[in-house]
Amino acid sequence: MKRITPNTTPLTEKRLLSVDEFRIYCGLGRNSSLKLAIKAKCRIFEGRRLLIDRIKFDQWYEENTE
């Protein structure tokens, strides 16, 4: 398993998150967080790199939770 080192920028201030950062942000495992990103339609592909738009995810989450 890849070890994640602390970043100087808090995740709540970043717009685009890597998959590992998104896992930490939503508190789920890799597969569950990827399924959630697909459901929320907040994935962005930059070449082969997958990034998650945190602002789109937050908006989707607010609209779909009670």
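The values are calculated or read from the model by the stated rules, or taken from the named source; none is laboratory data. The structure displayed is predicted, hence computed values, not measured ones. With ideal geometry, Cβ positions are generated from the backbone for all residues, glycine too; neighbour counts draw on all protein chains shown. Note: areas computed on protein heavy atoms with side chains; ligands, DNA, RNA excluded. Shrake-Rupley method; radii C 1.70, N 1.55, O 1.52, S 1.80 Å.
Name the residue, out of LEU50, LEU11, LEU16, that is in contact with a strand residue (DSSP E or B) (Cβ under 8 Å, 6 or more places away or on another chain), open to solvent by 50 Å² or more (accessible area, probe 1.4 Å) and among the aliphatic types (A, V, I, L, M).
LEU16
Please tell me if THR8 is outside any loop (DSSP other than H, G, I, E, B) and hydroxyl-bearing (Ser, Thr, Tyr).
Here the answer is no, as THR8 does not meet what is asked.
Answer with yes or no whether ILE4 is under 10 Å from the mean Cα position of the chain (by Cα), at pLDDT below 95, surrounded by 11 or more Cβ atoms within 10 Å (Cβ to Cβ) and among the β-branched types (Val, Ile, Thr).
No.
Tell me the residue from ILE24, ILE44, ILE38 that is assigned to a helix (DSSP H, G or I), among the hydrophobic types (A, V, I, L, M, F, W, C) and modelled with pLDDT of 95 or more, please.
The match here is ILE38.
May I ask you to list the residues in the range 19-38 that are among the basic types (Lys, Arg) and open to solvent by 70 Å² or more (accessible area, probe 1.4 Å)?
ARG30, LYS35
Go through the range 53-63 and report how many residues are open to solvent by 50 Å² or more (accessible area, probe 1.4 Å) and touching a residue at least 24 places away in the same chain (Cβ under 8 Å).
1
Residues of the range 13-35 being without any contact (Cβ under 8 Å) to a residue 12 or more places away in the chain and more than 8 Å from the chain's Cα centre (by Cα), which ones?
Across the range 13-35, the qualifying residues are GLU13, GLY27, LEU28, GLY29, ARG30, ASN31, SER32, LYS35.
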